[in-house]
Amino acid sequence: MALRVYNTMTRNKEPFETLEPGVVKMYVCGPTVYAKAHVGHAMSVLVFDMVRRYLEYRGYEVRHVMNYTDVDDKIIRRANESGEDPIALAERYIREFDRHLVDLGVLPPKVKPRVTQEIGWIIKMVKGLEDKGYAYAVDGDVYFRVTKDDDYGKLSGRKLEEMMAGARVEVDERKEHPMDFALWKAARPGEPSWDSPWGKGRPGWHIECSAMNLHHLGEQLDIHGGGADLIFPHHENEIAQSESYTGKSYVRYWMHNGMLQMGGEKMSKSLGNLVTIEDFLAEHEADVLRMMVLSSHYRSPLKFTAETIAQAEKALERLRGGMRPAHASAAGLPEAMAAALAEQAAAAKEGFVAAMDDDFNAAAALGRLFDLVRAINQARDGGATAAQLQPAQETLRELAGVLGLDLTKQPPQKQGSAEAAPFIDLLIEIRTDLRAAKQWALADKIRDRLTEMGVLLEDTPGGTLWRWK
RNA sequence: GGCGACGUAGCCAAGUGGGAAGGCAGGGGCCUGCAAAGCCCUGAUUCGCGGGUUCGAAUCCCGCCGUCGCCUCCA
């Protein structure tokens, strides 16, 4: 079975073939850094981290590039409101996002270019487009001439006439066509600007990605990713710019993740239902969010509610349960049963790969992991020794790792828990004595009170275990 | 208004022509002093609704209803 990837351009799953054998050139649109990032941004990052990890598992070298848009209208507006320098404001949010990437357990992109560091390439491209007749300058602005691009609209499936009909944009009289978009904007007072053949100015939004790709990955990419909301106009315009400039096909596979939905509603500032990554991580582990993302297909909208969060938490716990050690009193599994476990592990791995090969169907792949967890738990309850459990658990750990989940990681301890630990141990020791003396009422009182305080007790043949919850 | 995606059990969700995965929640049982964890059993005669194609459809076609995204900055 070979890897197949859904391509937004063709609306079909296609066999995955790279431009260069064994190498995947992957560009993912990163955030515009004008405010704190929310869980929707995290979803996109986690989706493409999953894609990257699986490609690497399949043996590819992934040249992963993610940009930061650190100059644009919103950043400038924000900065003017607070009196902060726009570039400094952007820098602050870039650092914060970089920290989120680490906290979310995301493999760092190989390159994280920023607009302000790519001005040379941007100017070079805009100039090239102007020279070829794909762009024209007006009063220091430069616009892309959409009518010159025969297949403009091919990604989003729109035709210029249709866009015109539904367009709600105020028409700029200086533009030749209402859909022409800015490649370069003339500087206005108080804005960051750079020298260019058209005077001082700054880049338009779309050109940055085209230029960064040309610079860091070359004229053609294997995968270009981003949120589904970027299909139009952003990615449509990138195609127009890049293909007009190079004369070559820009991207082989366009991948778009679905949008995260807050309780059935769109997450937006006007609705005031924004959850920042910071907010989420203050309450939950990063892998809980990852589990949510993995639980549904990356192209589907993701429901983000208190209930779906709780379900993801439980699912993660169940997966981790598979990694629990053999029972202390394990007598060993008969040969045939041990062999059966090995077979179940192999079957799980095969099913996992088949699911992931089918356009990164992580939800189905997770299903195979849960199957394996059950098989391991059965073997453990059946008396398997640590050595007998080990190969299957290693498979589980490895495959979960491909999805970016670290099953050996313990849930983070609460504040002050280290100081409390000796006292909890003491209480448990006393409870163990009480249980030995059959003083059930007192023993249960200790357990109940600890539960109220968030300490869960579990009596196992090997002794009493506890954990925070 | 235009373009696109989607609608599967209480919740989340996989499944694109021929057996309705999996997780959470629920019910029964085993284990346990009682729990917890784990294990076993259990749930959609049915896939938004109505037609159609087919020997056969959740899966294909048409219509309707509903949700979401985009058309303006957006992961």
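Brief remarks follow.
- Using C-alpha pairs below 8 Å separated by at least 6 residues, the relative contact order for the stretch A:4-257 is 24 percent.
- Computed from the Cα positions only, the extents of the stretch A:358-412 along the three principal axes stand at 38, 27, 17 Å, in decreasing order.
- Entry note, the stretch A:417-468: relative contact order of 22 percent, from Cα contacts under 8 Å with a spacing of 6+ residues.
- Gyration tensor verdict on the stretch A:4-257 (Cα atoms; rounded if a/c is under 1.5, prolate if a/b is larger than b/c, oblate otherwise): oblate
- Close amide H pairs (under 5 Å, H built 1.01 Å from N) link residue A:221 with A:251, A:252, residues at least 5 positions away or on another chain.
- Amide hydrogen neighbours beyond the local backbone of residue A:6, cut-off 5 Å, H modeled: A:14
- Two-site FRET efficiency, residue A:438 against residue A:98, from Cβ-Cβ distance with R₀ of 45 Å, rounded to 0.05: 0.20
- Summing Cβ point charges (Lys, Arg +1; Asp, Glu -1) relative to the Cα centre of chain A gives a dipole of roughly 600 debye.
- The stretch A:417-468 - percent of accessible surface contributed by carbon and sulfur, probe 1.4 Å: 60 percent
- Relative to one another, the C-alpha centroids of the stretch A:300-333 and the stretch A:429-469 are positioned 23 Å apart.
- Residue A:141 long-range amide H proximity, modeled H, under 5 Å: A:186
- When only Cα pairs below 8 angstrom with a gap of at least 6 residues are kept, chain A shows a relative contact order of 16 percent.
- Overall, the anisotropy analysis places chain A in the prolate class: the square-rooted eigenvalues a ≥ b ≥ c of its C-alpha gyration tensor yield a/c not less than 1.5, with a/b exceeding b/c.
- Residue pairs, from the table A:314/A:469; A:25/A:132; A:25/A:110, whose Cα atoms sit over 19 Å apart: A:25/A:132
- Of the trypsin sites (Lys or Arg not before Pro) found in the stretch A:89-125, the ones in coil according to DSSP and having at most 16 other Cβ atoms within 10 Å of their Cβ are A:110.
- Distance between the stretch A:347-388 and the stretch A:73-124 - C-alpha centres, whole angstrom: 40 Å
- Helical segments meeting 24 Å axial Cα length and Kyte-Doolittle -0.5 threshold in chain A (DSSP H): A:39-57, A:86-103, A:335-357, A:362-381, A:417-436
The values are calculated or read from the model by the stated rules, or taken from the named source; none is laboratory data. Computed from a prediction, not measured in an experiment: that's the story for all the values here. A quick note on method: Cβ atoms are made from the backbone with ideal geometry, for glycine too, and the neighbour counts reach across all protein chains shown. For the accessible areas, the whole protein counts, side chains as well, though only heavy atoms, and no ligand, DNA or RNA atoms are used. Shrake-Rupley method; radii C 1.70, N 1.55, O 1.52, S 1.80 Å.
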